[in-house]
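A short write-up of the structure that comes next.
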Amino acid sequence: MDLRKLKTLIDLVSESNISELEITEAEGKVRIVKSAPVAAGVALPTGQPAVALAPVATAASAAAASAESAVPAAPTGYVVKSPMVGTFYRASSPGGKPLVEVGQQVKEGEAVCIIEAMKIMNEIETDHGGTITKVMAENGQAVEFGQPLFVIE
């Protein structure tokens, strides 16, 4: 399947109310799944890696939101930032107890959250000890490289 046809299918799924589209052709099989309004997952023909795509409108609104959030004063204390792009999770399993809570003491090297990137769960450890004073990301939210996750004092 050529790239233009694949792009057209992705646009069709992202602009419509359908959540999943699967097409089988002689060259292979393509399955496009829209998991949430934030991003859509695309499975390419067998043997090729999956790719995550974000709609243009979402990227523009995210840029506007980050510009608005940059206006308030920077938090005091040490900021734990995301070392990668992915999905932020506070707990190690759905419905599980969060790894850390506001007011909890943490030690250097202690896991504070999990970021899922390319279907791999990565434990994020703090490189600074102290007390968690603020959680700056929402559970299940997509995070960018360098985005603040926690404030430790």
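Cα-Cα pairs above 17 Å in region 73-152: how many percent? Roughly 38 percent, once rounded to a whole number. Each residue, ARG31 and GLU144, gets one label point 7 Å from its Cα in the Cβ direction; the gap between the two is 3.2 nm.
What is the sum of charges around GLU125, taking Lys and Arg as +1, Asp and Glu as -1, for the other residues whose C-beta is under 9 Å from the C-beta of GLU125?
On the way: positive: none; negative: GLU108, GLU110, GLU123, ASP127.
Residues near GLU125 contribute -4 overall.
Taking 18 Å as the straight-line reach from the Cα of LYS5, the aspartates and glutamates in range (excluding those fewer than 8 positions away in the same chain) are GLU15, GLU20, GLU22, GLU25, GLU27. With the dipole of region 73-152 worked out from charges on the C-beta (+1 for Lys and Arg, -1 for Asp and Glu) around the Cα centre, which of ALA137, PRO148, PRO83 lies farthest toward the positive end? Positive-end residue among those listed: ALA137. For GLU108, neighbours were defined as the other residues whose beta-carbon sits under 11 Å from its Cβ, and their charges (Lys and Arg +1, Asp and Glu -1) total -2.
For region 73-152, compute the number of Lys pairs whose alpha carbons are separated by less than 19 Å, excluding pairs fewer than 8 positions apart on the same chain. Don't skip to the end; give the middle numbers.
Numbers: LYS81/LYS107; LYS81/LYS134; LYS97/LYS107; LYS97/LYS134; LYS107/LYS134.
Value for region 73-152: 5.
The trypsin sites (Lys or Arg not before Pro) of region 83-141 meeting both criteria, a DSSP state outside H, G, I, E and B (loop) and at most 13 other C-beta atoms within 10 angstrom of the site's C-beta, are LYS107, LYS119. The H on the amide N of SER92, modeled in the peptide plane, is under 5 Å from the matching H of LEU99, each at least 5 residues off or on a different chain. For LYS5, the shell of other residues with beta-carbons less than 15 Å away shows a net charge of -1, using +1 for Lys and Arg and -1 for Asp and Glu.
Read the figures in this text as sums done on the coordinates, not as results from a lab. As the structure is a prediction and not an experimental result, all values here were calculated from the model. Using ideal geometry, Cβ is built from the backbone for each residue, glycine included, and neighbour counts are taken over all protein chains shown.
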